[in-house]
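Some notes on the structure that comes next.
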Amino acid sequence: MKRQSAKLKIEKAYFDLLETTHYSKITVSDIIRKAEISRTTFYRHYVDIFDMHHKVSDKLAYCIIEECAGLIMTARSEQDYFDEVLKIFNTQEKYILLISSENGSRYFFESMLRCSQELVSRIFSHCNEEFLFRLRFITVAMIGVYVRDVLEGREHNPDYIKLCKKLINYDELSGGLYAGKC
């Protein structure tokens with residue numbers, strides 16, 4: 001339990017520091033001072049500051065994508081799914097911005113894409129390749145549209161999501177997803 005508590009302190013300190021400092025300029029000393037932990041505690045969890053950045057990015061990405069994947073299984077319609085996905089993204093927006101905008105790195109986006117592809121493949125392993133490709137594509141498109149809006153400080157435009165769906169003939173995909181036809 002203490003390790004988890006220390007890890008959460010480290011993560012919180014990291015996000016606090018990202019508010020004013022580029023991730024590559026944050027030092028282990030900055031983290032341990034802000035988190036009020038020992039250097040040994042930091043190195044018990046991470047190899048270095050870049051390892052910490054990657055693990056924190058991976059954790060955030062995986063949590064977001066895991067929640068979205070759960071929605072796929074419970075949503076009654078594509079609109080329910082997209083509405084709920086945007087709510088998940090909105091609840092994590094502060095962290096997404098900190099870890100990926102001017103003080104962060106693009107690693108978070110790579111992690112989001114990797115996590116989404118792994119989860120789609122795992123959840124829908126019984127589906128054919130065309131269905132999996134389309135589902136991965138729409139997931140990546142949604143992430144891209146959302147992230148672009150966040151980074152550019154724009155309101156989320158539902159027309160962009162509609163365009164993503166139109167580009168891949170989403171009607172066929174949602175027929176498989178919500179009618180058990182994959």
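Yes/no matrix, rows are residues, columns are (1) part of a helix (DSSP H, G or I); (2) under 21 Å from SER5 (Cβ atoms):
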| residue | (1), (2) |
| --- | --- |
| THR40 | yes, yes |
| PHE50 | yes, no |
| CYS68 | yes, no |
| PHE89 | yes, no |
| LEU97 | yes, no |
| GLU102 | no, no |
| GLN117 | yes, no |
| HIS126 | no, no |
| LEU132 | yes, no |
Every residue in segment 33-52 that is over 19 Å from GLY104 (Cβ atoms) and basic (Lys, Arg), please. ARG33, ARG39, ARG44
Given the structure, is THR20 at pLDDT 80 or above, part of a loop (DSSP other than H, G, I, E, B) and loosely packed, with under 15 Cβ neighbours inside 10 Å? yes
For the structure I just gave you, tell me whether HIS45 is buried (at least 18 other Cβ atoms within 10 Å of the Cβ) and either within 23 Å of the chain's Cα centre (by Cα) or outside the structural domain of LEU8 (by TED's automatic domain parsing) (or both). no
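The values are calculated or read from the model by the stated rules, or taken from the named source; none is laboratory data. All values reported here derive from a predicted model rather than from experimental measurement. Glycine gets a Cβ as well: all are built from the backbone with ideal geometry, and neighbour counts include every protein chain shown.
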